[in-house]
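Only one structure is covered here, and it is reproduced in the block below.
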There are 2 protein chains.
Amino acid sequence: MADILRRDSAMPLHAQITEALQLQIKAGELKAGENFPSERELAERFSVSRMTVRQALLRLRSDGLIYRERGVGTFVANRKIDVHTRNLSGFSEEMISLGLTPSSRVLQLTRETAAERVAQDLDLEPDAAVFHLERLRLADDEPMAFETTYLSAHLCPQLDSVDLTVNSLYEILTEKYNLQMHHAAESLEAAAATRFVAAQLDIKIGAPVLVVHRVVYSEANQPIESAHTTYRADRYRATFYLSKNAL
Amino acid sequence: MADILRRDSAMPLHAQITEALQLQIKAGELKAGENFPSERELAERFSVSRMTVRQALLRLRSDGLIYRERGVGTFVANRKIDVHTRNLSGFSEEMISLGLTPSSRVLQLTRETAAERVAQDLDLEPDAAVFHLERLRLADDEPMAFETTYLSAHLCPQLDSVDLTVNSLYEILTEKYNLQMHHAAESLEAAAATRFVAAQLDIKIGAPVLVVHRVVYSEANQPIESAHTTYRADRYRATFYLSKNAL
DNA sequence: ACAAGCAAGTGGTCTAGTCCAGTATTCAAG
DNA sequence: CTTGAATACTGGACTAGACCACTTGCTTGT
């Protein structure tokens, strides 16, 4: 066990400890049976104060990797669940993590004034300029979803000059416009495919589809994106991980 | 502002501070504009150490009520989202929070041996005993969902003698069997109503429905419940709050 | 008028302890 | 053999400080 923490690193000690323990758990060095060291033992082993290892352990707990019992100890949780959608990824990232190859067909990318619903989602004046992006999302070259996205034009100028077939929209927003996704509100409902959507997704009119409406926010709670995605019900299932009250 | 913390209370100080600040935010005493006190100021005001108010503030942040910027300060987030499904509530709690009156019609409650899928979900031997519960869930006396629930029989003996039309299943599990829900994995998909479900929900065959499969776990990651809920698409929408990396 | 630099304030990190409330184990008394 | 008390652990809560990186706004010298 390499106990060496880099005290001069940009990464804080508690994050380094979190990472080290994560690795050991994933490598099976710390298994579901009890061999997990106590807070005091870890503090000594890493030569840090107990509060610091505590911070790391609380993080691991809220990530669902361990659980703790007062008076007893800390244990590795034997999760089977994919820690998946809870990480707020976009379509591309999600498909990749499922082992599929994502691609997009851009059907429309125009600059227009925001409709009422969009202005409300993005917290804009009623007639503010937005980009209106319509894409057919494919996985392994099969149509998977039809997506309509609205983005505030003043947050990402010249978005229309970017090749969205290759790059993930979220990558572009992060790297080019320094817009960091922080949290999102999603609502999901079942619906019957309209004629237009059915044609796009190559399914029958009236076939069930999963409609996801998502608004993505920055840390300062500024709305970045409002998206409306219609998935083929036979190819897509949304999965979530819910937790009660982890600190 | 009542700064009085009960130091002899069972509730820890940081939780009391969290609660106090929550109330002030909801009451509008702390608004989205900047008047939020700094950590040091709060520490002095509550007569606690800075680490203690910090714990409260981190909790408020991970709940999405505030956001923080290093070198700048702490701000009230102007959420519009219902802090809702992220709290892992059951059908009853969810309906109540939507202002509807939940009720149930128990269609079946039997003790049987676990099918393969159920045994897998609940981490049981193939032929272990389970309770099989089928309920029609109503909101304001209108059919909303059809739910099939499986529970491991050895975790909640004599479940068949409980009146499930009145009490929430989760309340019973918590109070009677000391089973604390801690986290859950959910998957959602759209489907077309089968004849049986259509009859139960009073909709047409083939109408879109939202099918939610949920496995609920205790803190020690022991599976407690496996549920399969079919919602009327025209009356129900699932909402989620996703966050990236709040500590 | 402007830019550079300084100081004050903020959240983030960390320390080295203390005390408490649970939980196991051990061991002795009944 | 059982019960009960002591003990030695665990995680949870809390303190009173420290230093750092970062932002902002004020001041001062050109």
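Other chains' Cβ within 10 Å of B:229-238 residues: what's the mean? Write out the running numbers ahead of the final one.
Values: counts 0, 1, 2, 1, 7, 3, 1, 3, 6, 8.
Per residue, the number of nearby Cβ atoms from other chains is 3 on average.
In nm, what does the list of distances from A:E112 to its counterparts in the other copies look like, shortest first, when each label sits 7 Å along Cα to Cβ?
Those label-point separations list as 5.1 nm.
Over chain A, what percent of the accessible surface lies on carbon and sulfur atoms, probe 1.4 Å? Each step should come with its number before you reach the end.
Numbers: 5880 of 12320 Å².
Answer for chain A: carbon and sulfur cover 48 percent of the accessible area.
How big is the dipole moment of the protein assembly as shown about its Cα centre under a simple scheme where the beta carbon of each Lys and Arg is +1, that of each Asp and Glu is -1, and everything else is neutral? Debye, nearest 20, please.
Numbers: 56 positive and 68 negative charges, 169 e Å.
In total the dipole reaches around 820 debye.
Give me the angle, in degrees from 0 to 90, between the Cα long axis of helix A:13-26 and the longest principal axis of the Cα atoms of chain A, rounded to the nearest 10.
With rounding to tens, the tilt is 90 degrees.
Put a point 7 Å out from Cα along the line to Cβ at A:Q24; what are the distances to that point in the other copies, in nm, shortest first?
Copy-to-copy label distances at A:Q24, shortest first: 4.0 nm.
Enter the mean number of other protein chain beta carbons within 10 Å of the beta carbon of each residue in B:210-223, as an integer.
On the way: counts 8, 5, 3, 2, 2, 2, 2, 7, 1, 9, 6, 11, 0, 1.
Whole-number average of other-chain Cβ neighbours for B:210-223 is 4.
I'd like the Kirkwood hydrodynamic radius of the range A:13-76, using the inverse of the mean 1/r over distinct C-alpha pairs, in Å. All intermediate terms of the calculation are to be shown ahead of the outcome.
On the way: mean 1/r = 0.0865 Å⁻¹.
Computed over Cα pairs of the range A:13-76, the Kirkwood hydrodynamic radius comes out at 11.6 Å.
Highest GNM mean-square fluctuation, chain A, Cα pairs closer than 10 Å: which of A:Q55, A:Q180, A:Q222?
Highest fluctuation of the listed residues: A:Q55.
On the rotation axis linking copies B and A, which residue of B comes nearest by its Cβ, and by how many whole Å?
B:A190, 2
Can you work out the FRET efficiency for the pair A:S47 and B:Q108, with r the C-beta to C-beta distance and R0 = 45 Å, to the nearest 0.05?
Numbers: r = 60 Å, r/R0 = 1.32.
Plugging the Cβ-Cβ distance into 1/(1 + (r/R0)^6) gives 0.15.
Go through B:D234, B:D8 and list them by solvent-accessible area, largest first, probe radius 1.4 Å. Walk me through the numbers on the way to the answer.
On the way: B:D234 110, B:D8 140 Å².
Sorted descending by solvent-accessible area, the residues read B:D8, B:D234.
Just from its helices, what would the mean residue ellipticity at 222 nm be for chain A, if runs of 4 or more DSSP H residues each count -39500 (n - 2.57) and the sum is divided by every residue, rounded to the nearest 500 deg cm²/dmol?
Numbers: 7 runs with 65 residues, N = 247.
Rounded to the nearest 500, it is -7500 deg cm²/dmol.
Can you sort A:I203, B:I17 by 1.4 Å-probe accessible area, starting with the largest? Numbers along the way, then the final one.
Values: A:I203 35, B:I17 0 Å².
Correct descending sequence by accessible area is A:I203, B:I17.
Can you list residues from other chains, or at least 5 along the same chain, whose modelled amide H is less than 5 Å from the amide H of A:I66?
HN-HN under 5 Å from A:I66: A:R61, A:A77.
Taking a probe of 1.4 Å, how large is the accessible area per residue of the protein assembly as shown, in Å²? Walk me through the numbers on the way to the answer.
Values: 24590 Å² over 494 residues.
Dividing the accessible area of the protein assembly as shown by its residue count gives 50 Å².
Between B:E112, B:E44, B:E147, where does the largest GNM mean-square fluctuation fall for chain B, given springs only between Cα atoms within less than 10 Å?
B:E44
Say the dipole of the protein assembly as shown comes from +1 at the beta carbon of Lys and Arg and -1 at that of Asp and Glu; which of A:V209, A:P12, B:S97 then lies farthest toward its positive end?
Among A:V209, A:P12, B:S97, the one farthest towards the positive end of the dipole of the protein assembly as shown is A:P12.
Using a 10 angstrom cutoff on alpha carbons, build the Gaussian network for chain B and name the most mobile of B:F46, B:F131, B:F91.
Maximum among the listed residues: B:F46.
Can you list residues from other chains, or at least 5 along the same chain, whose modelled amide H is less than 5 Å from the amide H of B:A128?
B:A114
Just to verify a number: what accessible area does A:D160 come out at with the full protein assembly present, 1.4 Å probe, Å² rounded to tens?
Estimated to the nearest 10 Å², A:D160 gives 90 Å².
Nm distances between the label at B:I96 and the same-position labels in the remaining copies, 7 Å along Cα→Cβ, shortest first?
Here B:I96 shows inter-copy label distances of 4.4 nm.
Taking a probe of 1.4 angstrom, what is the accessible area of B:R105 in Å², to the nearest 10?
Estimated to the nearest 10 Å², B:R105 gives 130 Å².
What shape does chain A take by its C-alpha gyration tensor, where a ≥ b ≥ c are the square roots of the eigenvalues and a/c under 1.5 counts as rounded, a/b above b/c as prolate, and the rest as oblate?
Values: a/c = 2.57, a/b = 1.89, b/c = 1.36.
Note, shape of chain A comes out prolate.
With each label point set 7 Å from Cα along the Cα-Cβ vector, what nm distance links A:S38 and B:E142?
Here the modelled spin labels are 5.8 nm apart.
What is the set of long-range amide H partners of A:A233 at a cut-off below 5 Å, with H atoms built 1.01 Å from backbone N?
Under 5 Å from the amide H of A:A233 lie the amide H atoms of A:L210, each far enough along the sequence or on another chain.
What average count of beta carbons from other chains do you get within 10 Å of the Cβ of residues in A:177-189?
Numbers: counts 0, 0, 0, 1, 3, 7, 11, 6, 12, 7, 6, 10, 12.
Averaged over the peptide's residues, the number is 6.
List the accessible area buried at the contact between B and A, summed over both sides and calculated with a 1.4 Å probe, in Å² to the nearest 100.
Chains B and A together bury roughly 4500 Å² of accessible area.
The values are calculated or read from the model by the stated rules, or taken from the named source; none is laboratory data. Everything numeric in this text was worked out from a predicted model, so none of it was measured. FYI the Cβ positions are ideal-geometry reconstructions off the backbone, even for glycines, and counts take in every protein chain you see. Side chains are part of the model used for accessible areas, which takes the heavy atoms of the whole protein and leaves out ligands, DNA and RNA. Shrake-Rupley method; radii C 1.70, N 1.55, O 1.52, S 1.80 Å.
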